Protein chains: 2
Amino acid sequence: MEDKTIRLQLSETKKEKPNSDQLIFGRAFTDHMFVMDYSDPLGWHNASIVPYQPLMIDPSSMIFHYGQSVFEGLKAFRTEDGDVQLFRPEKNLERLNRSSDRLCIPPIDEEFGLKAIKQLVAMDKDWVPDADGTSLYIRPFIISTEPYLGVAPSRNYKFIVILSPVGAYYKEGINPVKIAVENKYVRAVKGGTGEAKTGGNYAASLKAQEDVAKGGFAQVLWLDGVEQKYIEEVGSMNVFFKINGEVVTPKLNGSILAGITRDSVIELLKHWNIPVSERRISMDELYQAHQEGLLEEAFGSGTAAVISPIAQLSWEGKDMVINGGKTGEVSQKVYDTITGIQYGKLEDPFNWIEKVEAKSAVKQ
Amino acid sequence: MEDKTIRLQLSETKKEKPNSDQLIFGRAFTDHMFVMDYSDPLGWHNASIVPYQPLMIDPSSMIFHYGQSVFEGLKAFRTEDGDVQLFRPEKNLERLNRSSDRLCIPPIDEEFGLKAIKQLVAMDKDWVPDADGTSLYIRPFIISTEPYLGVAPSRNYKFIVILSPVGAYYKEGINPVKIAVENKYVRAVKGGTGEAKTGGNYAASLKAQEDVAKGGFAQVLWLDGVEQKYIEEVGSMNVFFKINGEVVTPKLNGSILAGITRDSVIELLKHWNIPVSERRISMDELYQAHQEGLLEEAFGSGTAAVISPIAQLSWEGKDMVINGGKTGEVSQKVYDTITGIQYGKLEDPFNWIEKVEAKSAVKQ
């Protein structure tokens, strides 16, 4: 990156903002977006904040054919003081570059990427909602744009950041869900792209999700692609189990996404001296623990829900009800602590918060 | 599909056509494209042939984030009589719908899709080159266009067909290549999307390809994702081995693409009474056959090259030179026959050819 200035082109009109209590995830977008181009001799260049607008892309562009793309997801939170703040955003930029490496996409300057995100959020800060549990979802992504049908890494890319105000994930308190263990479809396998945040992983997951939804399940629990025996993730979240006092989560193995909420949960548990281990865990082991009354809690972790308790796991015709279908104590404590830090209601002993700008006067 | 008319909007300017001897795969595109939209209540609608032009797509459109897309690739050939003809195009439309099913994309009417392709090719028939080995590459594809960041099947799609004149794959005769057996990365796994022609599979393949290119290899030979032991595909082609007089190709198992050239090769071999079997084949077996002098030929099959002979396979530090690095007799015969049928130089006993329109007067 030679030129690190961000050109500004302000939107001439302001869109109407949705009401804080009617926000739907990922449907409304703010007035501006950040765009930066990559081309082979120039590297990343032409960083700009421009009015939110459609992209003009050639139909032969690689993104439409060979799926070379990566993305991230994080949130900006409004505190009671009116500050706008991010949660561990540098981790998202680190992971974006790790994903890019797997997909043969050139890395971005992480510091500059964070600066761009902060500047964009600051510009559209009126869009950060202030109702309980609401936030501004930030979606950085990179797409391959070279107009060429050869199967090869693209020589042109766009790095784009768009913003979407989102409602509370839990409207009436944290809500445990029913999950089906997936035995037919596989999300990812060792040697594949499972640890990268790339479109193909999500495209591959739709069919299983569609199938289990018919049975009234909220998500699938993914097993490993080799033996279809070991637990990997739940839906698009990482997964944790409290077994006989110890919290267990599948070890990162190349096919599991390294969740930032996952990492935060582990740090918190260690901080509280709650035993936590990252290791391989099979459905057989989990089922046995449940039969012995030792499976005390289960929850997913991710940016959208923070913590999503699992009320019931269905596996090979067997229904495992967990903690009477209610949110467990550790699940609730982790949820309350992470959201408390995110909204500035609790202290931040881990230095997880990055202010966008202090004391913004404008509120919704 | 209620409305099956195709609206026409002719291009006001005609682009300059590249010279037949300077055609590069997938870089130049013709004057027109076919576009059809899908939306939830309407189904597929608004079928149009329009001037080739950039797409205007919202940055939140699902294709940029979750990779829900499928594509096909086939060719139009110009015969010595000036006819323009397609090779088994109905197979491409069948496979497109099978891919779509895996990706939760609504099917298109295959007959109508073929009609659209033929009409588009007829309109741009001047772009079908006539130099030896050249053709017009046809790329139908479907992308998810709903402007929504939720992980769910899109409710909007575009089916698009673009055309690109392509040069001879082999400029100086059929050319055997060196292939590296891939032991680290995996293309696809049982339960994944390997048998679908979707972007994510190609994105996943780039890193391995980039790594082996440094060692002077043209492609990788993919092994299965479970045991990394059984042979699946070569690069983006299917693969065949002639072992002790019998031609063997990996059996379709859910992670291997059902190639149309693959199917044609099998039909031809049967027609010629050459023993052919579709079965699981391991690298151990192949290596042993090579050691015993029984590995007589190896070749990839696909739309781009038709047949790509393998001169050498490198596996775990061992180099297996096949047929002295030269094109084998069966490989050559299959290549000559399929290309002969495609260009109308040989009879078509299998009814593989579909004329676009007869005796077009205009030639390049």
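The values are calculated or read from the model by the stated rules, or taken from the named source; none is laboratory data. Bear in mind that the values here come from a model prediction, so they are computed numbers and not experimental data. Positions of Cβ are generated from backbone atoms using ideal geometry, with glycine treated the same way; all protein chains shown enter the neighbour counts.
Give B:GLU72, B:GLU94 a once-over and let me know the one that is within 30 Å of A:GLN209 (Cβ to Cβ) and crowded, with 21+ Cβ neighbours inside 10 Å. Show your work before the answer.
Working: B:GLU94 fails: crowded, with 21+ Cβ neighbours inside 10 Å.
Within the list B:GLU72, B:GLU94, the selection yields B:GLU72.
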Selection status of A:VAL121, among the β-branched types (Val, Ile, Thr), within 14 Å of another protein chain (Cβ to nearest Cβ), farther than 30 Å from B:ALA208 by Cβ and in contact (Cβ under 8 Å) with a residue 24 or more places away in the chain: no
Condition broken by B:GLU354, with the remaining ones in (1) surrounded by fewer than 13 Cβ atoms within 10 Å (Cβ to Cβ); (2) at negative phi; (3) not assigned by TED's automatic domain parsing to the domain that holds B:PRO275 satisfied: (1)
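Only one of B:TYR137, B:TYR185 is at pLDDT 95 or above and in a loop (DSSP other than H, G, I, E, B); which? Before the answer, list the steps.
Working: B:TYR137 fails: in a loop (DSSP other than H, G, I, E, B).
So the residue among B:TYR137, B:TYR185 that is at pLDDT 95 or above and in a loop (DSSP other than H, G, I, E, B) is B:TYR185.
Quick check: is even one residue across the stretch A:285-307 in contact (Cβ under 8 Å) with a residue 40 or more places away in the chain, among the β-branched types (Val, Ile, Thr), on the phi < 0 side of the Ramachandran plot and part of a strand (DSSP E or B)? Lay out the reasoning, then the answer.
Pass one, the stretch A:285-307, residues in contact (Cβ under 8 Å) with a residue 40 or more places away in the chain: A:286, A:289, A:294-307.
When the remaining residues are screened for being among the β-branched types (Val, Ile, Thr), the result is A:303, A:306-307.
Now restrict to residues that are on the phi < 0 side of the Ramachandran plot: A:303, A:307.
Now restrict to residues that are part of a strand (DSSP E or B): A:307.
Yes; the residues of the stretch A:285-307 include at least one that is in contact (Cβ under 8 Å) with a residue 40 or more places away in the chain, among the β-branched types (Val, Ile, Thr), on the phi < 0 side of the Ramachandran plot and part of a strand (DSSP E or B).
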Out of A:LEU93, A:LEU74, sole residue that is closer than 30 Å to A:ASP40 by Cβ and either basic (Lys, Arg) or touching a Gly at 6+ places or on another chain (Cβ under 6 Å) (or both): A:LEU93
Tally, over the stretch B:154-166, of residues that are crowded, with 19+ Cβ neighbours inside 10 Å and in a loop (DSSP other than H, G, I, E, B): 1
Of the criteria (1) closer than 26 Å to B:ALA289 by Cα; (2) assigned by TED's automatic domain parsing to the domain that holds B:LEU136, which one B:VAL220 fails: (2)
In the stretch A:225-260, residue surrounded by the most Cβ atoms within 10 Å (Cβ to Cβ) [restricted to those that are of a type in the set (D, E, K, R) and in contact with a helix residue (DSSP H, G or I) (Cβ under 7 Å, 6 or more places away or on another chain)]: A:LYS242
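Determine which member of the set A:ASP124, A:ASP101, A:ASP130 is charged (D, E, K, R), at pLDDT 95 or above and more than 30 Å from B:VAL186 (Cβ to Cβ).
A:ASP124
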Candidates B:ARG98, B:ARG27, B:ARG88, filtered to the one that is within 12 Å of chain A (Cβ to nearest Cβ), within 18 Å of the chain's Cα centre (by Cα) and basic (Lys, Arg): B:ARG27
Filter result (in contact with a Phe, Trp or Tyr (Cβ under 6 Å, 6 or more places away or on another chain) and either more than 7 Å from chain B (Cβ to nearest Cβ) or closer than 27 Å to A:LEU136 by Cα (or both)) within the stretch A:47-66: A:ILE49, A:TYR52
Hits in the stretch B:192-208 - residues which are crowded, with 24+ Cβ neighbours inside 10 Å and either basic (Lys, Arg) or modelled with pLDDT under 95 (or both): B:LYS197
Test: residue in the stretch B:280-299 that is among the aromatic types (Phe, Trp, Tyr) and surrounded by fewer than 18 Cβ atoms within 10 Å (Cβ to Cβ): yes
Pairs with Cβ under 8 Å, 6+ apart, first in the stretch B:171-189 and within 14 Å of chain A (Cβ to nearest Cβ), second exposed (fewer than 14 other Cβ atoms within 10 Å of the Cβ) and in a loop (DSSP other than H, G, I, E, B): B:VAL181/B:GLU316; B:ASN183/B:GLU316
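Give the stretch A:232-243 a look and list any residue that's within 19 Å of the chain's Cα centre (by Cα) and hydrophobic (A, V, I, L, M, F, W, C), or say none.
Step one: filter the stretch A:232-243 for residues within 19 Å of the chain's Cα centre (by Cα), giving A:232-240.
Within the stretch A:232-243, A:VAL234, A:MET237, A:VAL239, A:PHE240 qualify.
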Number of the condition not met by A:GLU72 [criteria: (1) away from every other protein chain (no Cβ under 11 Å); (2) in contact (Cβ under 8 Å) with a residue 40 or more places away in the chain; (3) acidic (Asp, Glu)]: (1)
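Kindly evaluate B:LYS4 against the criterion of being more than 14 Å from chain A (Cβ to nearest Cβ) and within 30 Å of B:ALA305 (Cα to Cα). Before the answer, list the steps.
Details: more than 14 Å from chain A (Cβ to nearest Cβ): yes; within 30 Å of B:ALA305 (Cα to Cα): no.
When the stated conditions are applied, B:LYS4 does not pass them.
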